[in-house]
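Novice: Handing you this structure, nothing more for now.
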Amino acid sequence: MNYFELFDIPVQLSVDTTPLHKKFVELSRKYHPDYFVNDEAAVQADVLEKSALLNKAWKAFKNPDETIKYVLQQKGLLEEEEKYELPPDFLMEVLEINEQLMDGDDPGVQASVKSAIENLQSEIYAPVEKTITNYQEGATSEKELLQVKAYYYKKKYLDRIRRELAGKT
C-alpha cells in the first residue's frame, strides 16, 4: 500500500493537506496500536505497520518536496542517494550566488543573494509548474516527470544556500 492508497486519494505531486487533515485524524484513530493490544500478534504487526506508514505519508504530504520525491521514487525515476548531474549553466549560477554569499555578512550582500535565489527559484519552477499542479496518473509523461526530477535536485541546491544564508543572519 502506498501513501495515496492509504489516504484514498489520487496520486499527485502537490497535496493540499487542509482537507486531508480530517482523514489523517480518522486514520490515526483507526490504526492506533493501543486499540489492538488484545488482538493476535499478526493483527498488531499489521496495525503498527499501517500506523507507521500513515505517519510517514502525512509527513511527506506536508512537505511539497518530499511529496515530489516520493512520487518520483514510486515511478522508479529517483533513487535514494542518487548522484544526479545538474546542468553546467545552473551550477554556474549557483556558484556565483555562493561566491556572493562568501563575500561577507553585509546586509546588502545578503539581500542580493536572497533576491538571486528567489529569481533562480522562479526560473527553475516555471517549466514544471503545470506538471506539478496538474499531475494526472497515466496522463503525465515520463519526460515531464524527468523535468520535475531536475527541478527537485535544483531546488535542493537552492534550499542548501537558503539554510546557509539563514545561518548568517
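The values are calculated or read from the model by the stated rules, or taken from the named source; none is laboratory data. Fair warning: this is a prediction, and the values are worked out from it, not measured in the lab. Cβ atoms come from the backbone with ideal geometry, glycine included; neighbour counts cover every protein chain shown.
Novice: Can you find, within segment 92-117, the residue that is surrounded by the fewest Cβ atoms within 10 Å (Cβ to Cβ) among those that are of a type outside the set (K, R), in contact (Cβ under 8 Å) with a residue 40 or more places away in the chain and part of a helix (DSSP H, G or I)?
Specialist: Going through the qualifying residues, I end up with N98.
Novice: Out of D39, D105, D34, report the one residue that is within 30 Å of T18 (Cα to Cα) and modelled with pLDDT under 95.
Specialist: Just a single option satisfies the conditions, and that option is D34.
Novice: Restricting to segment 23-56, what's the tally of residues that are in contact (Cβ under 8 Å) with a residue 24 or more places away in the chain and part of a loop (DSSP other than H, G, I, E, B)?
Specialist: Residues flagged as in contact (Cβ under 8 Å) with a residue 24 or more places away in the chain and part of a loop (DSSP other than H, G, I, E, B) within segment 23-56 amount to 0.
Novice: Filter segment 1-16 down to residues that are assigned to a loop (DSSP other than H, G, I, E, B) and either among the aliphatic types (A, V, I, L, M) or over 26 Å from Y152 (Cβ atoms) (or both) and give me whichever is farthest from the chain's Cα centre (by Cα).
Specialist: By that ranking, first place goes to M1.
Novice: Just for segment 121-152: of the residues that are buried (at least 16 other Cβ atoms within 10 Å of the Cβ) and aromatic (F, W, Y), which one is nearest to V11 (Cα to Cα)?
Specialist: Y135
Novice: Additional query: With respect to A57, is the statement that it is surrounded by 15 or more Cβ atoms within 10 Å (Cβ to Cβ) and either touching a Cys at 6+ places or on another chain (Cβ under 6 Å) or not assigned by TED's automatic domain parsing to the domain that holds N134 (or both) true?
Specialist: Taking the combined requirement at face value, the residue satisfies it.
Novice: P19: loosely packed, with under 12 Cβ neighbours inside 10 Å, at negative phi and in a loop (DSSP other than H, G, I, E, B), yes or no?
Specialist: no
Novice: Hey, another quick one. Within segment 4-22, which residues are more than 25 Å from Q147 (Cβ to Cβ) and in contact (Cβ under 8 Å) with a residue 24 or more places away in the chain?
Specialist: L6, F7, L20
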